[in-house]
Amino acid sequence: MKVTALLIICFCLVLESLGKPKFPEQEKEPKFWNTWAQKTLKNALTLQTLNQNQAKNLILFLGDGMGVPTVTAARILKGQLNGQSGEETQLEMDKFPFVSLAKTYNTNAQVPDSAGTATAYLCGVKANEGTVGVSAAAVRSQCNTTQGNEVTSILKWAKDAGKSVGIVTTTRVNHATPSAAYAHSVDRDWYSDNEMPPEALQAGCKDIARQLFENIPNIDVIMGGGRKYMFPKNTSDVEYPGVAKHSGTRKDGRNLVQEWTDRTKDKVHFPSSSPLFARSLLPLLSSQLHLHIWEFKVNAVFHSAVRLSLFFPFTVQKGHYVWNKKQLLSLNPNNVDYLLGLFEPADLTYDLERNTETDPSLTEMTDVAIKILRKNPKGFYLLVEGGRIDHGHHEGKAKQALHEAVEMDRAITRADLLTSIHDTMTVVTADHSHMFNFGGYTHRGNTIFGLAPFISDVDQKPFTSILYGNGPGYKLVNGVRENVSTIDFEENNYQAQAAIPLSMETHGGEDVAVFAKGPLAHLLHGVHEQNYIPHVMAYAGCIGQNREHCLTRGGAVSHRGTATLGTVLSSIAAFFTVTQLLC
């Protein structure tokens, strides 16, 4: 045993002597660190002038499964991809001036899942694991506990306030995170009616894909995966026509994509400033004009509509459905009012495996979404999910997970270029962590996917710096731990070694970081319950409840919902005018 210990010590000393540490020469000088610290201090002092503007726009970036160890490892990877050692690199989220912690537990779980947490940071209410858009009074998979326990999300609060709203994700659009923005389901796995038990359907519960288009029918931008849940059962997929597992799943025979297209194609829209009576004519105009008023058909109905528009202006809004990158990037955002992009039958492919010719990146989807949503003078709310960080970790594939996190950081950078810190509140956080970590006294600049600089003093085998507490990476060869030096541990789908064997690695239960910038971002400070996040964002954006502070901030006072005598009289006058015009 003494000989073994001596060999290990010698091995470490040899490694120490191999070359100089990989760090810049300037870091040897105290002046370098002192100057950096003084610059950081000066920047911090400027934060005393807090941004108390009203947030016109609200963006939430959600890294699914992006715990603090994942943030740190992604930072190093980002730097190493740029030819640096990595540790000194800054992620875009690192630049946010305010950072806090969120407690992630579900009401019935110490270590949470993505559904209960999504209900917290989107609906402002903590909930049971496995449920979305319902309170903790609802019980998972029990349909009869749904009614009366529904809770609404900040996306709906924003829509009700007149803002444009969008969802962008790398998972299926009816997965746990996005579904909490619009659905009320006691089971996160009820993707379509095909996945629901007959008794739940008979009791009146709706699948999540259906709720996407029915609960908040005018979501302006929806992008992600999940095509197969929108089409009738056995309908061939447009991209994979010969693959049965990608075919439609719906038992009710509905084509939700076609229904959405029919509803949003050239939709007649009255501005909210139009009299109430004029806005009520929208269904009549749609049926009478067949939504072709831009073709200048010479008939009485058209001329009536033109004369009507002189009194009550309306616009024709256009919806577009796309399923590949070429279609998406060929769109002119200025000519798009509603966008549905479904790029895979289920989840999008990992960024490392993405076909860059046919599949859009998270950054590209975010870019298009913001360009469409920002046209609304009242602003927008956008949820962007880097959803496959979580999947990479569950599979023990750290390289996939970390590249997903780096891609999400690129999307954050792009959003920063398209918005202003003066009127846009941006929050970056995670729903939960994972049993992922890295250590082993690695040297500065060691590849994040590399080996620790010494072997185990127990089984005399090397080990990677990245390890999982549990998961599919647990492997024994002839009854002993696998020797990782005999395999390619930097391969994209290498499953890092785990302490406990599981077919799928589990979530972690520790707090997650919350990065914030923009108006009232300082309200995200210290340690908070996760459900606090949407309340802060709503307060900053003057949507949802407690909006009294908005009446005294920013000058403009809104009395939406109160009808003045003038409004009533103008609507009465409109009635007689329109009657004459259309008859």
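The values are calculated or read from the model by the stated rules, or taken from the named source; none is laboratory data. The shown structure was predicted, so the numbers you read here are calculated from the model rather than taken from an experiment. Reconstructed Cβ throughout: ideal geometry from the backbone, glycine too, with neighbour counts over all protein chains shown. The protein model used for the area step is the full one, side chains on, heavy atoms only, and it has no ligands, DNA or RNA in it. Shrake-Rupley method; radii C 1.70, N 1.55, O 1.52, S 1.80 Å.
Some points to look at:
- Taken over the alpha carbons of segment 55-126 as equal point scatterers, the Debye sum produces base-10 log I(q)/I(0) values at 0.13, 0.19, 0.25 Å⁻¹ of -0.53, -0.92, -1.16.
- Karplus-derived 3J(HN,Hα), 6.51/-1.76/1.60, for each residue of segment 227-241, Hz, glycine and proline x: 4, 5, 7, 9, 10, x, 3, 6, 5, 5, 6, 5, 9, 10, x
- Atom-type composition of the exposed protein surface of segment 436-538 places 59 percent of the accessible area on carbon and sulfur (1.4 angstrom probe).
- Pairs of alpha carbons in segment 482-528 whose separation is greater than 13 Å (percent): 73
- Angstrom value of the Kirkwood radius, inverse mean 1/r, which spans all Cα pairs in segment 352-457: 16.4
- Net charge of neighbours whose Cβ lies under 13 Å from the Cβ of residue 189, counting Lys and Arg as +1 and Asp and Glu as -1: -3
- Other residues within the sphere of radius under 10 Å centred on the Cβ of residue 413, judged by their own Cβ, net out at 0 (K and R +1, D and E -1).
- Accessible area per residue for segment 391-544, computed on protein heavy atoms with a 1.4 Å probe, is 37 Å².
- For segment 28-164, the fraction of 1.4 Å probe accessible surface lying on carbon and sulfur atoms is 52 percent.
- Spread of Cα-to-Cα distances over 10 Å intervals beginning at zero, given as percent, for segment 164-235: 20, 55, 23, 2
- A Cβ-based charge dipole, computed about the Cα centre of segment 188-246 with Lys and Arg at +1 and Asp and Glu at -1, lands at about 100 debye.
- 5 angstrom amide H check on residue 482, placed H, neighbours 5+ away: 475, 477
- The residue 84 and residue 335 beta-carbon pair, evaluated with R₀ = 56 Å, returns a calculated FRET efficiency of approximately 0.85.
- Counted by Cβ distance under 12 Å from residue 71, the other residues give a net charge of -1, where Lys and Arg count +1 and Asp and Glu count -1.
- Residue-normalised accessible area of segment 71-196, expressed per residue, 1.4 Å probe, Å²: 31
- With all protein chains modelled, accessible area of residue 172 [1.4 Å, Å²]: 30
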